[in-house]
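In what follows, a structure is listed as structure tokens, so that the remarks can point back to it.
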Amino acid sequence: MKRIYCIVEKCLACRSCEIACAVAHSGVERVEDAVKIRPLPKHRIRVESIGDRNTPQGIRSIALQCRHCEDPLCAQACITGGISRDPETGAIVNNPDKCVACWSCIMVCPFGVIVRYEDCRRAVKCDHCADRDEPACVEACPTRAILYCEAEDAPIPVE
Amino acid sequence: MTFMKIVIIGNSAASTAAIETIRAEDKDSSIVQISEERHPLYSRCLLSYYLADKIDKNGLAYRSADFHKKMDVQLHPGRCVEEVDPAGQKVTCSDGSAHSFDRLLIATGSSAKIPDNIPETLRGVFVLRTVADAEAIKQKLSGAKKAVVLGGGLVGMRAADALCRAGLKVFVVIGSNRILSRMIDYEAARIVGTRVRDNDIEVMTGSDVSEVLHKDGNVVGVVTDNGLMLDCEILIVAKSVRANTGLIRNTDIKTRRGIETNASMQTNYENIYAAGDVAETFDITTEEYTVNALWTCAVQQGRIAGQNIARRDAAGIPAKYAGSVAMNSLNFWGIPIISFGVTVPEDESRYTILKDSRPEQNVYKKIVIADNRIKGLILVGRIANAGVLFSLVQNKMDVAPFMDQLLGDRFNFGHVVRHGGKPVLEKYYRGLST
Ligand SMILES: Cc1cc2nc3c(=O)[nH]c(=O)nc-3n(C[C@H](O)[C@H](O)[C@H](O)COP(=O)(O)OP(=O)(O)OC[C@H]3O[C@@H](n4cnc5c(N)ncnc54)[C@H](O)[C@@H]3O)c2cc1C
């Protein structure tokens, strides 16, 4: 199954992916329209630091998003049955009509990549931009640090 | 063994997870499923949402309507298993029908306990455990003005919330000194309690119902042990639950608070498994055997049982359950609350306790640590990355390197990568969540 991978050495922590993600899920096309929506559209990818001046490898960051896990804990914890694997794409999807905002998925996601939606009525996460050819974050990354590919083609984790 | 006769008792969280894992491995064996409840597979956790009209009856469904057909399971709804015969490898139902098995899963869950002094046959006395219970409460709602809820746990508070939304004046009677006492501590309960009172729900702690008042077979009120008289047409009893072990009372299957299980989810009979609310498991935070009667625990135990039931040869490696953890998530009038494990240790001196209390923002965090391992936590108001902390609990990770950052609102998976390095990152890349 294709997944999104972030090459740590190339990530500048510019957060372009976060903006692209928020816009892609906002219902409008342009950033300047998306910023007018209240509350602000939420991104499902997040850039986090994994090293600073005090760590051996120095400053490093990574863009984190849902891994569409092999045995997803979120689906096991979901009390509605709304989180399941899409039999066609293999992606883990959250049915917005089923979600009751109990946050059980947030309770167990070991990567912290499921977030409360703007209106706090449902949980959202990366959906691989199901309605686009390529995920918006991949397209937006200026250094091509973000890839959407099969595991064999993915970068090996850094030391 | 190639073809097996598998019998599963129960049609809920644990049994569904077991069926899915069995069928992922084994398409041929026969699966007979027996369930006392007639209602199609649904999630019990949603009953309070149904009561509050936040979802309709279809919204209760846990899987699609064709689930049992797709899984090639022969479901017998509306039948109660009365006897299990471990030696004869067969179960007998109340209607006299019998089913023999090669492997059996007991996933009969639990029932609400009703104290002896509460006459459950009175009209207006309810528990909230099944669809039938919720329907009965719903029918009584119109015309009712006041309700008393006995018990301030997750089910009690959710029921109180639902009744309040239905327009009733609700009074909650609680034995302990705070609401949600098994989930959160006093300080957290105070924050949540403010919101409860804002919604005009009254809470009386440290008390119990000593007498139920009735007229012509209908509840008209209760008297509490501190002498208060409360009018009500509805009394919901939500004190605690009891494992449904009646069907094995005449066997030598070992039980304590629930059916005793090993890490493979086997009972003392190797071909008889138990999972979910009926099963006693090892709790990794308290390091004691207990029943963690929770949805996620039931699903995880059902999965382990299913994997082992599907294993044909004894030589294969059995799937092992890492152990259960009390884990609760509740969204109370917009205040999210998550808790894990030991939240109020008996002997505080043996633990390091980190706290961040911001009641004016409805935020409270507490992390309970022993030997540099997180044993439990409470998050109120700020729950982002709760699962990252949970993974530290589950993996018994040494948190000494980032102890000072655990409470921060910005604590996230990046901190775990910093200290766990390549193996942690590799798990992330490969999508291995356990
Ligand atoms: C209102 C409510 C809200 C809840 N909310 C949450 C929540 O938010 N989060 C959470 O983690 N947990 C919650 N729980 C707890 C959760 O629902 C249970 O932990 C979970 O349902 C356990 O699943 P189970 O498969 O073990 O058994 P159960 O769900 O108890 O199901 C048992 C099954 O066995 C059948 N059965 C029983 N005895 C027999 C017999 N003798 N013969 C044949 N069939 C039998 C029953 O008909 C049923 O199908 C809630 C519970 C309630 C009641």
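The values are calculated or read from the model by the stated rules, or taken from the named source; none is laboratory data. This one's a predicted model, so the numbers in the text were calculated from it and none came from an experiment. A quick note on method: Cβ atoms are made from the backbone with ideal geometry, for glycine too, and the neighbour counts reach across all protein chains shown.
Looking at B:Thr108, B:Thr92 in this structure, which one is in contact with an Asp or Glu (Cβ under 9 Å, 6 or more places away or on another chain) and free of Cβ contacts under 8 Å to residues at least 24 places away in the same chain? Walk me through it before giving the result.
Details: B:Thr108 fails: free of Cβ contacts under 8 Å to residues at least 24 places away in the same chain.
None of the other options fit; the residue is B:Thr92.
Within the range B:342-362, can one find any residue that is within 16 Å of the ligand (Cβ to nearest atom) and touching a residue at least 40 places away in the same chain (Cβ under 8 Å)? Spell out the reasoning first.
Of the range B:342-362, the ones within 16 Å of the ligand (Cβ to nearest atom) are B:343.
Among the residues that remain, those that are also touching a residue at least 40 places away in the same chain (Cβ under 8 Å) are: B:343.
Yes, the range B:342-362 has at least one match.
Show me the helices (runs of 4 or more DSSP H) entirely contained within the range B:123-239 in which 2 or more residues are closer than 30 Å to B:Gln361 by Cβ and of a type outside the set (A, V, I, L, M, F, W, C). Before the answer, list the steps.
Working: elements: B:131-141, B:154-165, B:186-198.
Hits in the range B:123-239: B:154-165, B:186-198.
Of the numbered conditions (1) free of Cβ contacts under 8 Å to residues at least 40 places away in the same chain; (2) outside any loop (DSSP other than H, G, I, E, B); (3) not aromatic (Phe, Trp, Tyr), A:Arg53 fails exactly one; give the number of that condition.
Only one criterion is unmet by A:Arg53, namely (2).
Give the residue, chosen from B:Leu432, B:Leu389, B:Leu406, that is buried (at least 21 other Cβ atoms within 10 Å of the Cβ) and within 14 Å of chain A (Cβ to nearest Cβ). Walk me through it before giving the result.
Values: B:Leu432 fails: buried (at least 21 other Cβ atoms within 10 Å of the Cβ); B:Leu406 fails: buried (at least 21 other Cβ atoms within 10 Å of the Cβ).
Answer to the check: B:Leu389.
Considering only residues of the range B:409-426 that are at the interface with chain A (Cβ under 8 Å from one of its Cβ atoms) and part of a helix (DSSP H, G or I), which is modelled with the lowest pLDDT?
Among them, the one singled out is B:Lys422.
Could you tell me how many of the residues in the range B:240-267 are touching a helix residue (DSSP H, G or I) at 6+ places or on another chain (Cβ under 6 Å) and either on the phi > 0 side of the Ramachandran plot or in a loop (DSSP other than H, G, I, E, B) (or both)?
The first filter runs over the range B:240-267 and keeps only residues touching a helix residue (DSSP H, G or I) at 6+ places or on another chain (Cβ under 6 Å), leaving B:243-244, B:258-259, B:264-265.
So of that shortlist, the ones also either on the phi > 0 side of the Ramachandran plot or in a loop (DSSP other than H, G, I, E, B) (or both) come out as B:244, B:258, B:264-265.
Counting residues in the range B:240-267 that are touching a helix residue (DSSP H, G or I) at 6+ places or on another chain (Cβ under 6 Å) and either on the phi > 0 side of the Ramachandran plot or in a loop (DSSP other than H, G, I, E, B) (or both) gives 4.
Can you pull out the residues in the range B:24-44 that are more than 13 Å from the ligand (Cβ to nearest atom) and surrounded by fewer than 18 Cβ atoms within 10 Å (Cβ to Cβ)?
B:Ala24, B:Glu25, B:Lys27, B:Asp28, B:Ser30
If we scan the range A:31-40, do we find a residue that is under 12 Å from the mean Cα position of the chain (by Cα) and of a type in the set (Lys, Arg)? Before you say what the answer is, go through the steps one by one.
Going through the range A:31-40, the residues under 12 Å from the mean Cα position of the chain (by Cα) turn out to be none.
No, the range A:31-40 contains no residue that is under 12 Å from the mean Cα position of the chain (by Cα) and of a type in the set (Lys, Arg).
A:Ile62 - would you say it is touching a helix residue (DSSP H, G or I) at 6+ places or on another chain (Cβ under 8 Å), modelled with pLDDT of 95 or more and more than 10 Å from chain B (Cβ to nearest Cβ)? If you could, list the steps in order and put the result at the bottom.
Details: touching a helix residue (DSSP H, G or I) at 6+ places or on another chain (Cβ under 8 Å): yes; modelled with pLDDT of 95 or more: yes; more than 10 Å from chain B (Cβ to nearest Cβ): no.
Criteria not met by A:Ile62.
Can you name the residue in the range B:51-72 that is surrounded by fewer than 13 Cβ atoms within 10 Å (Cβ to Cβ) and acidic (Asp, Glu) and, of all such residues, is farthest from B:Ile6 (Cα to Cα)?
The residue in question is B:Asp53.
Would you confirm whether any residue within the range B:167-189 is farther than 22 Å from B:Ser357 by Cβ and out of contact with any strand residue (DSSP E or B) (no Cβ under 8 Å at 6 or more places or on another chain)?
Scanning the range B:167-189, I find at least one residue that is farther than 22 Å from B:Ser357 by Cβ and out of contact with any strand residue (DSSP E or B) (no Cβ under 8 Å at 6 or more places or on another chain), so the answer is yes.
Collect the residues in the range A:56-68 that are in a loop (DSSP other than H, G, I, E, B) and of a type in the set (Val, Ile, Thr), keeping them in residue-number order. Can you show your working first?
Applying the first criterion (in a loop (DSSP other than H, G, I, E, B)) to the range A:56-68 yields A:56-59, A:65-68.
Within the range A:56-68, just A:Ile59 meets the criteria.
Restricting the search to the range B:130-182, which residues are free of Cβ contacts under 8 Å to residues at least 40 places away in the same chain and in contact with a Leu (Cβ under 7 Å, 6 or more places away or on another chain)?
B:Val170
Do you know which of the residues in the range B:268-291 that are buried (at least 23 other Cβ atoms within 10 Å of the Cβ) and in a loop (DSSP other than H, G, I, E, B) is farthest from the ligand (Cβ to nearest atom)?
Restricting to residues being buried (at least 23 other Cβ atoms within 10 Å of the Cβ) and in a loop (DSSP other than H, G, I, E, B), the top hit is B:Thr285.
Taking the condition within 8 Å of the ligand (Cβ to nearest atom) and surrounded by 18 or more Cβ atoms within 10 Å (Cβ to Cβ), does B:Leu47 pass? Let's see the steps before the verdict.
Details: within 8 Å of the ligand (Cβ to nearest atom): yes; surrounded by 18 or more Cβ atoms within 10 Å (Cβ to Cβ): yes.
When the stated conditions are applied, B:Leu47 passes them.
From the residues in the range B:5-56 that are basic (Lys, Arg) and under 26 Å from B:Ser97 (Cβ atoms), which one is farthest from the other protein chains (Cβ to nearest Cβ)? Spell out how you get there, then give the answer.
Taking the range B:5-56 and keeping what is basic (Lys, Arg), we get B:5, B:23, B:27, B:38, B:44, B:54.
Now drop any that are not under 26 Å from B:Ser97 (Cβ atoms), which leaves B:5, B:23, B:27, B:38, B:44.
Numbers: B:Lys5: 27, B:Arg23: 14, B:Lys27: 16, B:Arg38: 19, B:Arg44: 9 Å.
Here the answer is B:Lys5.
Just to be sure before I move on: is B:Gln300 surrounded by 15 or more Cβ atoms within 10 Å (Cβ to Cβ) and within 16 Å of the ligand (Cβ to nearest atom) in the structure I sent? Give the derivation first.
On the way: surrounded by 15 or more Cβ atoms within 10 Å (Cβ to Cβ): yes; within 16 Å of the ligand (Cβ to nearest atom): yes.
It is true that B:Gln300 is surrounded by 15 or more Cβ atoms within 10 Å (Cβ to Cβ) and within 16 Å of the ligand (Cβ to nearest atom).
Counting only residues that are more than 14 Å from chain A (Cβ to nearest Cβ) and out of contact with any strand residue (DSSP E or B) (no Cβ under 8 Å at 6 or more places or on another chain), how many does the range B:276-305 have?
1
Here's the yes/no breakdown for (1) surrounded by 14 or more Cβ atoms within 10 Å (Cβ to Cβ); (2) over 30 Å from B:Glu270 (Cα atoms); (3) within 28 Å of the chain's Cα centre (by Cα); (4) more than 16 Å from the ligand (Cβ to nearest atom):
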residue: B:Arg182; (1), (2), (3), (4): yes, yes, yes, no
residue: B:Ile191; (1), (2), (3), (4): yes, yes, yes, yes
residue: B:Thr194; (1), (2), (3), (4): no, yes, yes, yes
residue: B:Asp198; (1), (2), (3), (4): no, yes, yes, yes
residue: B:Val209; (1), (2), (3), (4): yes, yes, yes, yes
residue: B:Asp225; (1), (2), (3), (4): no, yes, no, yes
residue: B:Asn244; (1), (2), (3), (4): yes, no, yes, no
residue: B:Ile248; (1), (2), (3), (4): yes, no, yes, no
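Is it fair to say B:Ala18 is within 17 Å of A:Ile79 (Cβ to Cβ), of a type outside the set (S, T, N, Q), at pLDDT 95 or above and surrounded by 16 or more Cβ atoms within 10 Å (Cβ to Cβ)?
Numbers: within 17 Å of A:Ile79 (Cβ to Cβ): no; of a type outside the set (S, T, N, Q): yes; at pLDDT 95 or above: yes; surrounded by 16 or more Cβ atoms within 10 Å (Cβ to Cβ): yes.
Here the answer is no, as B:Ala18 does not meet what is asked.
Suppose the filter is without any contact (Cβ under 8 Å) to a residue 60 or more places away in the chain, more than 30 Å from B:Cys80 (Cα to Cα) and not in a strand (DSSP E or B); does B:Ala322 pass it?
On the way: without any contact (Cβ under 8 Å) to a residue 60 or more places away in the chain: no; more than 30 Å from B:Cys80 (Cα to Cα): yes; not in a strand (DSSP E or B): yes.
So B:Ala322 does not fit the description; no.
Results for (1) more than 30 Å from B:Ser264 (Cα to Cα); (2) near the ligand (Cβ under 10 Å from one of its atoms); (3) buried (at least 17 other Cβ atoms within 10 Å of the Cβ); (4) in the same structural domain as B:Asp26 (by TED's automatic domain parsing), shown as yes or no for each residue.
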residue: B:Gln74; (1), (2), (3), (4): no, no, no, yes
residue: B:Glu82; (1), (2), (3), (4): no, yes, no, yes
residue: B:Phe101; (1), (2), (3), (4): no, no, yes, yes
residue: B:Lys145; (1), (2), (3), (4): yes, no, no, no
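With the checklist (1) touching a residue at least 24 places away in the same chain (Cβ under 8 Å); (2) closer than 21 Å to A:Asp131 by Cα; (3) of a type in the set (A, V, I, L, M) in hand, flag the one item A:Ala34 doesn't pass.
The failed condition is (1).
So B:Ile335 fits all but one of (1) aliphatic (A, V, I, L, M); (2) away from the ligand (no atom under 16 Å from the Cβ); (3) at pLDDT below 95; what number is the exception?
So B:Ile335 meets the others, but not (2).
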